[in-house]
Amino acid sequence: HIVIVGGGFAGLYAAKTLARTQARITLVDKRNFHLFQPLLYQVATGNVAPGDVASSLRSVLSRYKNVRVLLGEMTDLVPEEHEILLTDGELEYDTLIVAAGVWPHYFGHDEWLELTIPLKTVEDALGMRRQILSAFEAAEKETDPVRRRAWMTFVVVGGGSAGVELSGALAELAHDTLRDDFRTIDPTAAQILLLEAADRLLPNFPPQLSAKAKNALIRLGVTVRTRSLVTGIAENQLSIGLGDAAEQIQARTILWTAGVRAAPLAQVLSDRTGVTLDRLGRVVVEPDLTLPGHPEIFVLGDLASYAHGLQGPLPAVAPVAIQQGQYAARLIRARLEGSSLPQFRYRNRGMLAVIGLNQAVAHLGRFKFAGFVAWLLWVFVHIAYLIEFDNKVLVMFRWIWNYVTRKRGARLITDL
């Protein structure tokens, strides 16, 4: 009996690969769907609907008769009994795969969670969409120019891929989609600030691509500030440090993409097995993705800290999770057949980040390029990685429509 905790990229790909064995497989997730997180920012800016980037786990796995899906949340582990505890029961396992993901990281300032909007769940994306669109609506009614300016100031904290992509989409929303929709305000006058504490955007990309991304964002109307560390957040106000100086920014909308930390389940694993956690709370795994002294327990995806033979841990991105899920499944299958596999090796097929329409950056091995070709590659890679065929068709149709009309159809202001 193989129990998989988490239906993200790592858990889902492990389940689909293991489904070809004769083992009994149970996938447990507190949500009944797999979420394609790389496109959440497009939900937040009204480009696609939530259902376009989410797939029912039962539907995806329905054709695999040895796979059972349970709606539940793991709360504890009893390794001696080969048992996990759920909020409403328990499950015994022969092999356990934990791929519970990560949470937003506020670097010791968890109180900022109440004053910002992260981007990790469907609810986050819908809340962000509601806040962004409501800010324009409030500015339309505001008569005081100072308060109106605050409503039309949008701050994105974090210059990684998520922050760059969100900033570009937000700029296109203001400058193209909403341009003719208001009578009192000019949406193109919205100020979009992208703040990054490091000395350049996209730190994982080569410097020349970081520079191209910055220039593309500036052309879209985004104000990019590097070496800008957030030092304080209060209601409608953000403080940043610029070297020895400090600055206060009045903004009603603060969007947080600055970092991630391990889900609380990592601490449970550490308490029950003695495994080491890294500085972000992720589980330090063995070369075969198992826990020291517990070859029957795998930790995968964003929850795992894997640095064997590398200069640092692998990043928390979808390709890493997918390859780890597939590797763990192949290793389990090899064990069932009485053999084994070499240690896990990540095959880096490249990195992509989109800035806006016809603008992206790509780093594929020795090749570095930007512009339309990179954007076209980004489009087809993301369509390919969407789980269900229906999602592929819907997202492609919406992107084609947006490309032709510059309009975004999912601009509803709704409660969660």
Which one is most open to solvent (accessible area, probe 1.4 Å), of the residues in segment 260-293 that are under 22 Å from Asp29 (Cβ atoms) and part of a strand (DSSP E or B)?
Arg261
Go through segment 161-206 and count every residue that is in contact with a helix residue (DSSP H, G or I) (Cβ under 7 Å, 6 or more places away or on another chain), in a loop (DSSP other than H, G, I, E, B), under 21 Å from Ala251 (Cα atoms) and not charged (D, E, K, R).
5
Expected single match for among the charged types (D, E, K, R) and under 30 Å from Arg366 (Cα atoms) among Lys120, Lys212 is Lys212
Evaluate the following for Asp176: is it modelled with pLDDT of 95 or more, more than 18 Å from the chain's Cα centre (by Cα) and of a type in the set (Asp, Glu)?
no
Go through segment 207-225 and give me each residue that's in a helix (DSSP H, G or I), of a type in the set (A, V, I, L, M, F, W, C) and open to solvent by less than 10 Å² (accessible area, probe 1.4 Å).
Leu209, Ala213, Ala216, Leu217
Considering only residues that are of a type in the set (Ser, Thr, Tyr), touching a residue at least 40 places away in the same chain (Cβ under 8 Å) and under 29 Å from Ile117 (Cα atoms), which ones fall in segment 44-70?
Thr45, Ser55
Of the listed residues (Glu114, Glu73, Glu123, Glu92), the one being surrounded by fewer than 23 Cβ atoms within 10 Å (Cβ to Cβ), free of Cβ contacts under 8 Å to residues at least 12 places away in the same chain and not aliphatic (A, V, I, L, M) is Glu114
Give me the pairs, please: first residue somewhere in segment 126-143 and farther than 17 Å from Val155 by Cα and among the charged types (D, E, K, R), second residue anywhere and open to solvent by less than 40 Å² (accessible area, probe 1.4 Å) and part of a helix (DSSP H, G or I), beta-carbon distance under 9 Å, and either six or more positions apart or on two chains.
Glu142/Ala150
Identify the residue in segment 241-258 that is surrounded by fewer than 19 Cβ atoms within 10 Å (Cβ to Cβ) and not hydrophobic (A, V, I, L, M, F, W, C) and, among all such residues, is modelled with the lowest pLDDT.
Gly243
Of the residues Ala198, Ala174, which single one is in contact with a Ser or Thr (Cβ under 9 Å, 6 or more places away or on another chain) and more than 20 Å from Asn358 (Cα to Cα)?
Ala198
Within segment 38-65, how many residues turn out to be closer than 17 Å to Ile400 by Cβ and within 13 Å of the chain's Cα centre (by Cα)?
3
Go through (1) within 20 Å of Ile297 (Cβ to Cβ); (2) not β-branched (Val, Ile, Thr); (3) not in a loop (DSSP other than H, G, I, E, B) for Ala23 and report which single condition fails.
(3)
Looking only at residues that are in a helix (DSSP H, G or I) and among the aromatic types (Phe, Trp, Tyr) in segment 128-160, which one is nearest to Leu113 (Cα to Cα)?
Trp151
Being farther than 21 Å from Val317 by Cβ and not in a strand (DSSP E or B) is the filter; apply it to segment 26-44 and report the residue that is least open to solvent (accessible area, probe 1.4 Å).
Asn32
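Residue by residue, here is whether (1) at pLDDT below 95; (2) over 20 Å from Ala100 (Cα atoms); (3) among the aromatic types (Phe, Trp, Tyr) holds:
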| position | (1), (2), (3) |
| --- | --- |
| Ile297 | no, no, no |
| Gly301 | no, no, no |
| Ala304 | no, no, no |
| Gln311 | yes, yes, no |
| Pro315 | yes, no, no |
| Ala321 | no, no, no |
| Gly325 | no, no, no |
| Ala328 | no, no, no |
| Ile332 | no, no, no |
Among the residues of segment 361-416, which ones are in a helix (DSSP H, G or I), touching a residue at least 24 places away in the same chain (Cβ under 8 Å) and open to solvent by 50 Å² or more (accessible area, probe 1.4 Å)?
Leu377, Tyr385, Leu394, Arg398, Tyr403
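The values are calculated or read from the model by the stated rules, or taken from the named source; none is laboratory data. Worth saying up front: this structure is predicted, and the values here are computed from it rather than measured. Because the Cβ atoms are built from the backbone with ideal geometry, glycine has one as well, and the counts that use them run over all protein chains shown. For the accessible areas, the whole protein counts, side chains as well, though only heavy atoms, and no ligand, DNA or RNA atoms are used. Shrake-Rupley method; radii C 1.70, N 1.55, O 1.52, S 1.80 Å.
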